Each structure stands twice: as structure tokens, then as C-alpha cells.
Amino acid sequence: MIPLVKVGLPSKENLMPQLEDILYSGMIGEGDAVYEFEKRFQKMFGVPNSIAMSSGTAALHASLILSGVKPGDEVITTSMTAEPTNIAILQVGAIPIFADVDILSGNLEPSSIEDKIGNKTKAIIIVHYAGIPCKLKEISDIAKRHNISLIEDCAHALGARYEENGIGSIGDFGIFSFQAIKHMTTVDGGFLSFRDNNKLRDAKKFRWFGMEKGISRTEIDITSIGYKYNMHNVAATIGLAQLNDIDKRLSKHIDNGNYFDKEIPSISGLTVPVFDSVAKPSYWLYTIFSEESENIEKILNGVGVQASKLHRPNHLHSIFRQYSCDLPQLDKYYKRMIHIPCGWWVDLTAREMIVDALKKG
Ligand SMILES: Cc1ncc(COP(=O)(O)O)c(C=O)c1O
């Protein structure tokens, strides 16, 4: 079966010597490997000030706190995402306000975001779903016009670009996840980037119990709550090894995505996502649309290709039900969408076989 998602690690020769060194170095917590990883990741993906964290969810939590979101505030968000996007809003005691999506991409629709802005709105979280950049120009204009913090959840979109900017660098905050099945994994891990470099000190304190590193523990004074959200040297060492060849893996996702973009629209009954012409997706998953999505799923499963939906619209969970509202575009999008594998493990033969099976179906 060609899987929809797959764990990608560097080869043993490229990973194990460094991993063994760090494991027995006596320095396994947060240290130089983490700081080196931060520098290299930041440069490679063109994101501004940043810190490595223990998970994407930790980075989301930090972005909300650093945006000044307080209990009872409202955060505009999407239901079409993995649950951590919205769980983080509840973690800070805020209220998720679900905006509707653009039926052609599954990403938040700018006009729906603007309709939902009220005097309690403190932040907007957008998700570049499946690796397709949102309509960033329109959304960042809205956020600026209303003076609201814009958080880009880039967990699916490592390596995507928008008008030549690295994804995550346009909003006030960008968050990344290095959880097991993402484009790049550090087993678990995350990254937070932010435009305002005055936030660096607070961000670092937030990831370490509210304490500043480098000050003696007997003299330090904690003034605000922080968490144990740091990345450690072991994860950072895996991350550094990943950065040596992540370009190759990302370009396979992108090449496969471009291939499907070209081939699938000519197949009767199927359409593919539409996105801004200045957006360059990184295709974590590929999404196709059909009135008969269940049949497509069966046809592909029958030829050994895992194809399915991946996330449950979050407003359907009991915990979010009280915030649920009509999302007619999302309902239509969700009914018609189906993900197919698109990552580095899908070779030329496999992708042709997928297209052939879709044509025959
Ligand atoms: C869209 C999205 N946001 C946030 C997260 C949270 O990332 P992590 O699992 O690293 O906490 C994930 C991953 O599960 C995700 O898919």
C-alpha cells in the first residue's frame, strides 16, 4: 500500500554518528545543538526571529500568549485543520470563532474572516492546509487594517512560499511542527517565528517556566507563567541532520504536486485545489475533489493506494460544539475532498499509476 503519510528520516550514516555523540555528550537538554538548529532553520526557510520548541502545539500556545490573547477574547480560526490549532485557543481560555473556507482550496476565505471580526477579536489563526498557502495578501491586509495579530499555522506547509517569502514570515507569527509524519520530523518538535524582535526575550522565557537562561537560579525572579516547551539537543541533532537533505525531500513533494496539478484536471469529474498565482505550495498531501469521493477512495485503495480524508472538521467535536456555526462552504468542501499520497515516497511509476487508476475509475 502506498501510504498517505510516512516518517522521513536521514540515512543511518548521516544521522547515527551525530546522534550517538550527542546522546553520550552529557549535554542532552537545551544547548548548542538547539541554537545551531534555530540559526540554520531560520536562514533556510526565510523566517524572522525564532525559537525551537517541543511541539507545534507549544508554538501555537506561545503565539497566542505573545499576541496578548486573554481568557474570554476571541480568535478567528478554521475548523478544517488538525485539532491542536483549536485546542491551543481553548488552552488560553479564549473563544474559537470559526470562519468559513474557500471551497476551492479548503483554506480560510478572507471575506468570512472579516465578517467575523468583532471588538473581542485578538488574533486570527490561518492554516495553510495540506501545504497550500492561504490568500495571504488579502488576509494580512485585513489583520493590519483591524490591528489584529495574524498567526500562520504552517504545520502542513514547510517549504511553501508566497510572493518569494518563506511561509510563516508574513504573519506576525509562524508556527511549524516536526511531529512524526510531517515533511520533516525531529520525532516531536516545533518552531515559532515572529516579526517583532522585541518578543524574543518573552518567547524564550515562555518556553522555559518563565525564566531567563543565563541568570543564576538563586537570583532569578519569575514574573509570568512559562512552560517546559523547549526543544532538546537530541531532537535538534535530528533536526540538523534533516536540514542537510530536506531540500531533496521537499522538492519531491513539490514535483509530485505539480504533476498532479497538471494531470488530474483533465480527468472527467475531478478537480484540484485553486490557489493564488503567487503561492508555491509544498504539498504535504495532495487533495482532489469529486462528487463521488467515496468511490474514488475505494478505487485507489483497490490498487494499493491509501486515499482518504485526514481530519474531522473540528467544530464537530463535542468540546467545540458550543462554538459551532453554519459553515456551508466547508460542508461542501469536506464532502467532495479526498487526499492522495504526494510525498517523497511516491516515485514516478507510483504517481503515473495513481493517475491511470483515476482515469480508469
Ligand atoms: C495543522 C496543524 N497544526 C498544529 C499541529 C500541532 O503540531 P504538533 O503535533 O507538533 O504539536 C499539527 C500537527 O499535528 C497540525 O497538523
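The mean of 1/r over all pairs of different alpha-carbon atoms in the stretch 246-360, once inverted, gives a Kirkwood hydrodynamic radius of 15.3 Å.
Fully extending the segment from ASN147 to ASN258 would add 36.4 nm, taking 0.36 nm per residue of separation and subtracting the current Cα-Cα distance.
What the Cβ-Cβ distance of ASP221 and HIS317 gives, at R0 = 25 Å and to the nearest 0.05, is a FRET efficiency of 0.05. On the protein heavy atoms, probe 1.4 angstrom, tell me the percent of accessible surface of the chain carried by carbon and sulfur. So the carbon and sulfur contribution to the accessible surface is 52 percent. Heavy-atom accessible surface of the chain, averaged per residue, reaches 44 Å², computed with a 1.4 Å probe. Label positions at ASP196 and VAL303, each projected 7 Å from the Cα along the C-beta direction, are separated by 5.2 nm.
For the peptides 289-295, 262-268, the ranking by mean Cβ contacts within 10 Å, running from highest to lowest, is 289-295, 262-268.
Please identify every one of the GluC sites (Glu not before Pro) in the stretch 128-204 that sits in a loop by DSSP and has no more than 12 other beta carbons within 10 Å of its own beta carbon.
Values: sites: GLU138, GLU152, GLU163, GLU164; in loops: GLU163, GLU164.
Sites meeting the loop and neighbour criteria: GLU164.
Modelled label positions at MET27 and SER324, each set 7 Å beyond Cα in the direction of Cβ, lie 5.2 nm from each other. Given a 1.4 Å probe and the protein chains as shown, SER224 ends up with an accessible area of around 60 Å².
Ordering of 16-28, 139-151 by packing is 139-151, 16-28, highest average first (other Cβ atoms within 10 Å, averaged per residue).
Computed over the chain, relative contact order equals 24 percent, with contacts defined as Cα pairs under 8 Å that lie 6+ residues apart. In angstrom, the C-alpha Rg and Dmax of the chain are 20.5, 71.
In terms of distances greater than 28 angstrom between alpha carbons, the cross-link table entries LYS182/LYS298; LYS280/LYS360; LYS205/LYS252; LYS120/LYS199; LYS70/LYS199 yield LYS280/LYS360; LYS205/LYS252. Counting only DSSP beta bridges whose two residues both lie in the stretch 12-241, roughly 50 percent are antiparallel.
The separation of the stretch 82-129 from the stretch 28-76, counted between C-alpha centres, amounts to 19 Å.
The values are calculated or read from the model by the stated rules, or taken from the named source; none is laboratory data. Please read these numbers as outputs of a predicted model, since none were measured by experiment. Positions of Cβ are generated from backbone atoms using ideal geometry, with glycine treated the same way; all protein chains shown enter the neighbour counts. Please note that ligands, DNA and RNA were not included when accessible areas were found on the heavy atoms of the full protein model with its side chains. Shrake-Rupley method; radii C 1.70, N 1.55, O 1.52, S 1.80 Å.
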